[in-house]
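The values are calculated or read from the model by the stated rules, or taken from the named source; none is laboratory data. The structure displayed is predicted, hence computed values, not measured ones. Every residue, glycine among them, receives a Cβ derived from its backbone with ideal geometry; neighbour counts consider all protein chains shown.
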Amino acid sequence: MTTITLVQGDITRQSADAIVNAANSSLLGGGGVDGAIHRRGGPAVLADCRALRASRYGKGLPTGRAVATTAGDLDARWVIHTVGPVWSATEDRSDLLASCYRESLRVADELGARTVAFPAVSTGVYRWPMEDAARIAVAAVRSAPTSVEEARFVLFDERAYEAFAAQLR
Ligand code: ADP
């Protein structure tokens, strides 16, 4: 049984076995939560990302997939980078967003991570509406076959926190 917990705050301040990053496909860092994770995680995270690009993901990490690196100076053992889909009003990309959570949990299981902290993937620069993203995220984690004991959603502001809380009520 996976327990879902909610926290409002900065994911880079969390202590967990694995911290999930809403990365972009290049794996070279960006804005939002990605920038914050690289800033606080330090150069070791970027070095691992560069190595992954050189070895397995020369064309980028595909949307909906996940891959782990060291967590550097973060209070975690791993960062799991996942690439969310950009919101589209004309195309249903929900399964790709759900896949980010499923794949992150699958990678967490491979690593033996018991506690995993997630941001609200795709709800920033990728513009996914928060309520819909929360519904997809919670359903994906609830239905995932995983040994992770705690899946913790770390929501940056009150609006995001409330959207996720509504899904758990
Ligand atoms: P994406 O490109 O997947 O949309 P963003 O990083 O732009 O990713 O935003 C994803 C979500 O993460 C947004 O809801 C944003 O408010 C939130 N966010 C940004 N910085 C942090 C942080 N330090 N901790 C937790 N959540 C964050």
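Of note:
- Single match in G31, G42 (criterion: surrounded by fewer than 20 Cβ atoms within 10 Å (Cβ to Cβ) and modelled with pLDDT of 95 or more): G42
- The set of residues in the stretch 103-120 that are part of a helix (DSSP H, G or I) and within 16 Å of the ligand (Cβ to nearest atom) comprises E103, S104.
- With a requirement of 3 or more residues that are within 16 Å of the ligand (Cβ to nearest atom), in contact (Cβ under 8 Å) with a residue 12 or more places away in the chain and at positive phi, none of the strands (runs of 3 or more DSSP E) lying completely within the stretch 1-102 satisfies it.
- Within the stretch 59-104, being over 15 Å from A16 (Cα atoms) and either of a type in the set (K, R) or modelled with pLDDT under 95 (or both) holds for K59, R65, R93, R102.
- When A165 is tested against (1) closer than 16 Å to I4 by Cα; (2) surrounded by fewer than 22 Cβ atoms within 10 Å (Cβ to Cβ); (3) under 16 Å from the mean Cα position of the chain (by Cα), just one condition goes unmet, and that condition is (3).
- Every listed requirement among (1) assigned to a loop (DSSP other than H, G, I, E, B); (2) closer than 18 Å to T2 by Cα; (3) in contact (Cβ under 8 Å) with a residue 24 or more places away in the chain is met by T123 save one, (2).
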